[in-house]
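Derivation of every value follows stated rules applied to the coordinates shown; laboratory data play no part. Treat the numbers as computed from the prediction; the structure is a model and nothing was measured. Ideal geometry is used to build each Cβ from the backbone, glycine not excepted, and the neighbour counts take in all protein chains shown.
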Amino acid sequence: MAQDGLEHTQTTLEELGSAPLPPVAELGSQFVVQPHPNPTSDADWQTAMNELKFGTRFSDHMAVATWTEGAGWHDHEIRPYGPIELSPAAAVLHYGQEIFEGLKAYRHEDGSIWTFRPGFNAARFNASARRMGLPEMTVEDFVGSIVAVVRKDERFVPREPGTSLYLRPFMFASEPFLGVRPAREVTYMMIASPVGPYFANGFAPVSIWVTRNYHRAGPGGTGAAKTGGNYASSLLPQEVAAERGFDQVCFLDAATNSNLEELGGMNVFVVRADGSVQTPRLTGTILEGGTRSAIIRMLRDNGTPVSEETIAIDALISDISSGEVVEMFACGTAAVVTPIGHLASDDFDVKLPQTNFSESVYNQLVSIQNGLAPDPYGWTYRIH
Ligand SMILES: *Cc1c(COP(=O)(O)O)cnc(C)c1O
C-alpha cells in the first residue's frame, strides 16, 4: 500500500472529463442563431473591454435550450443577451432546483481562443444535475453552447494577460408548479462575461476566517454539486467574516466541526516545510474543483508529493505555528490561485509566511491556459 492518500487514482470526473471531445467544427450547429437587433457599438465595446471587472458585463449573445419530460432537450437557440420571461411559479424560485458551471475562454497570443478542460465541466454539470434531480445533457450540447456563443461573440474575449471570457452555463427548474418533485420543464442557458482578475488586489494574500458556527454542506447533502443553494448558505458566514475584517470564509466539516473543507467557492491546499502538499480529500461534502484536480496532477508530475487526506484544523494551526506548514493557498477557475496570508477563528489567529510556492503553481497553470507553455495533458481545447 502506498502512503495514505498518495496513490493516484483518477476520480470519476477526471476520467469522464478526459474523454476526447468531438472536433470543434462539428459542435454548436444545433443552436439556431436569432439575429441581434442592436449589438454593442464599437465605442461601448471599447469602454467595456477597458474596464474589466468580474461578472458585471456580458457579451451580446446567450445560449438557451429547453428540456421537457418525454421530449428531452429541444429548441436550442442563440439569442441576444437579455432578460428572460419566467413564471412566478417557476419551481427554481421556490425550491432552488438549479445547477451551474464556471469556466473560461482564453485568447492566446496568435489570436486563437481556447477553453480549459470543458469535458471536465460537462461531466461535473451532469453529476450536479443527477444530485439535483435535473436532466443530464450531452457533451455536444454543453460544449456546443459554449462554441456557438464564443463564435458569435469572439470580440468579447479580451487580449490582456490575466483576462478571459468567463463562461457560465446553468440549468434551472422553469416549470410553473408549486408541488415538490423534480420539474418536468427545465431551462439551460449559457452566458459569457469578459473578466479581469477576480481579486482586485491581484496576486496578494487573502485573509480567511474559519467559521465554527456555520457549514456549507453536510454528509449526504449537496456539497459535491455545483448548486446555488450551497452559495446561498455561504453568504451569511461570508458577511460575518467580512465584518470581522476577513476577505473570505472557510468551512469545516459538518459531522465533526474539526476538519478543513473549503472556502465558499474555492478548494484549499497546504504546503509543508518538507516540500509535500496536502489538500482535503473528497468526502462528498467538498466540491471537486477542476483547478484542484489540475494542480494535484501538475505537482505530482513535478515530483511534489501530494496527499488528499483529512486535515484537522487543530493540527494545522499548530503546524503553522511551529513552522511545519509554510504556505496555504486557495484555488478555483475564477481567481485561479490565491495565497492565504492569515487564518483565524474564535480560538486561533495565525499568519502564514509566503514562500512563492503558490505563485509558481499559479504561473505553471496560467501558462498552460494561455498557451505560453506546452500542454502535456490535453487540457486545452481550441474553440475559435
Ligand atoms: C466551483 C467551485 C470550486 C472550484 O472549482 P473549479 O472547477 O476549480 O472552478 C470550489 N468549491 C466550490 C464550492 C465551487 O462551487
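Please list log₁₀ I(q)/I(0) at q = 0.08, 0.10, 0.13, 0.15 Å⁻¹ for the chain, using the Debye equation with identical point scatterers on the alpha-carbon positions.
Debye curve over Cα of the chain, log10 I(q)/I(0) at q = 0.08, 0.10, 0.13, 0.15 Å⁻¹: -0.42, -0.66, -1.13, -1.46.
Just how large is the dipole of segment 273-337 about the Cα centre, in debye to the nearest 20, putting +1 at every Lys and Arg Cβ and -1 at every Asp and Glu Cβ?
300
What order, most packed first, do the peptides 276-289, 151-164 have when packing is the mean number of other Cβ atoms within 10 Å of each residue?
276-289, 151-164
Of THR138, GLY96, THR68, whose Cα points farthest to the positive end of the dipole of segment 30-173 (charges on the beta-carbon: +1 Lys, Arg; -1 Asp, Glu; origin at the Cα centre)?
GLY96
If packing is taken as the mean number of other Cβ atoms within 10 Å per residue, what is the order of 220-230, 239-249, highest first?
Peptide ranking by packing, descending: 220-230, 239-249.
Ignoring everything except DSSP H segments at least 4 long, calculate the 222 nm mean residue ellipticity for the chain; use -39,500 (n - 2.57) per segment, divide by total residues, nearest 500.
Per the formula, -8000 deg cm²/dmol.
List the lysines whose alpha-carbon lies under 17 Å from that of LYS104, not counting same-chain residues fewer than 8 positions away?
LYS53, LYS152, LYS226
Using just the C-alpha positions of segment 169-225 as equal point scatterers, what log10 of I(q)/I(0) does the Debye formula give at each q in 0.16, 0.25, 0.26 1/Å?
For segment 169-225 at q = 0.16, 0.25, 0.26 Å⁻¹, log10 I(q)/I(0) is -0.96, -1.03, -1.05.
Quick one: Kirkwood hydrodynamic radius for segment 140-257, alpha-carbon pairs, angstrom, one decimal?
Kirkwood hydrodynamic radius for segment 140-257: 17.7 Å.
For ASP60, which sequence-distant residues (separation of 5 or more, or a different chain) have an amide H within less than 5 Å of its own amide H, given hydrogens modelled in the peptide plane?
Result for ASP60 returns nothing.
Compute the Cα gyration tensor for segment 299-384, then decide on rounded, prolate or oblate, letting a ≥ b ≥ c be the square roots of its eigenvalues: rounded whenever a/c is under 1.5, prolate when a/b is larger than b/c in the other cases, and oblate in all that remain.
Taking the square roots of the gyration eigenvalues as a ≥ b ≥ c, segment 299-384 is prolate.
Taking the dipole about the Cα centre of the chain, with the C-beta of Lys and Arg at +1 and of Asp and Glu at -1, give me whichever of TYR81, LEU178, GLY264 is farthest to the positive side.
Ranked along the dipole, the leading option is TYR81.
With θ set to phi - 60°, apply the Karplus curve 6.51 cos²θ - 1.76 cosθ + 1.60 along segment 13-30 and write out the HN-Hα couplings as whole Hz, x wherever there is a Gly or Pro.
5, 5, 5, 4, x, 9, 4, x, 8, x, x, 4, 4, 8, 9, x, 6, 6
Between GLY218, SER276, SER321, whose Cα lies farthest towards the positive end of the dipole of the chain when Lys and Arg beta carbons carry +1 and Asp and Glu beta carbons carry -1, centred on the Cα centre?
Most positive-ward Cα: GLY218.
Dipole size in debye (nearest 20) for segment 184-261 around its Cα centre, Lys and Arg Cβ +1, Asp and Glu Cβ -1?
Approximately 100 debye in magnitude.
Please quote Rg/Rh for segment 114-204 to two decimal places, taking the Kirkwood radius as Rh and restricting both calculations to Cα atoms.
Answer for segment 114-204: 1.06.
Could you size up the charge dipole of the chain around its Cα centre, putting +1 on the beta carbon of Lys and Arg and -1 on that of Asp and Glu, and report it in debye to the nearest 20?
For the chain, the charge dipole is close to 480 debye.
I'd like the Karplus ³J(HN,Hα) series for segment 303-318: coefficients 6.51, -1.76, 1.60, θ = phi - 60°, whole numbers in Hz, and an x wherever there's a Gly or Pro.
These are the phi-based 3J(HN,Hα) values: x, 8, x, 10, 10, 9, 8, 6, 10, 6, 5, 5, 5, 4, 5, 5 Hz.
Kirkwood Rh, segment 52-161, all Cα pairs: how many Å?
Mean inverse Cα-Cα distance, inverted, gives 15.8 Å.
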